[in-house]
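In what follows, a single structure is set out as structure tokens and then discussed.
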Amino acid sequence: NEVINSYKAVDALPVHLIFDEAESREMRIRARNLAFQLHQPNVYDCLYVALAELRGCDFWTADKRFANVAGQKQRHPDGSMRPAVTCVRLIES
């Protein structure tokens, strides 16, 4: 699969991170899952969300479309309907 091969190529790049490898891997996996779940063509916004979730803080964005998508209610595995992501906040001008 082209997408999987692209991820493998990116993962092979010599990137220096300020947190441990296990946390980095968890963040990348969560970001990819969010991108698929939220139907995002790019992973970068979801990387910020995944990092915010790992750090237990909010992700503030001026991207109204992304904030709306993240806040849309979805059915979760337990059957409840709640936002896909709860840490995304919109910066409104």
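The values are calculated or read from the model by the stated rules, or taken from the named source; none is laboratory data. These numbers come from a predicted model, not from an experiment. With ideal geometry, Cβ positions are generated from the backbone for all residues, glycine too; neighbour counts draw on all protein chains shown. Only protein heavy atoms, including side chains, enter the accessible area calculation; ligands, DNA and RNA are left aside. Shrake-Rupley method; radii C 1.70, N 1.55, O 1.52, S 1.80 Å.
Below is a table of values for the structure above.
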{"read-out": "In region 29-39, the residues that are in contact (Cβ under 8 Å) with a residue 40 or more places away in the chain and either in contact with a strand residue (DSSP E or B) (Cβ under 8 Å, 6 or more places away or on another chain) or in a helix (DSSP H, G or I) (or both)", "value": "Leu34, Gln37"}
{"read-out": "Pairs where the first residue, in region 75-90, is part of a loop (DSSP other than H, G, I, E, B) and the second is among the aromatic types (Phe, Trp, Tyr), C-beta under 8 Å, 6+ apart", "value": "Cys87/Phe59"}
{"read-out": "Some residue of region 21-28 being open to solvent by 80 Å² or more (accessible area, probe 1.4 Å), in a loop (DSSP other than H, G, I, E, B) and touching a helix residue (DSSP H, G or I) at 6+ places or on another chain (Cβ under 8 Å)", "value": "no"}
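Okay, residues lined up against (1) open to solvent by 40 Å² or more (accessible area, probe 1.4 Å); (2) at pLDDT 90 or above:
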residue: Ser6; (1), (2): yes, no
residue: Val15; (1), (2): yes, no
residue: Asn33; (1), (2): yes, yes
residue: His39; (1), (2): yes, yes
residue: Ala50; (1), (2): no, yes
residue: Phe59; (1), (2): no, yes
residue: Arg65; (1), (2): yes, yes
residue: Arg75; (1), (2): yes, no
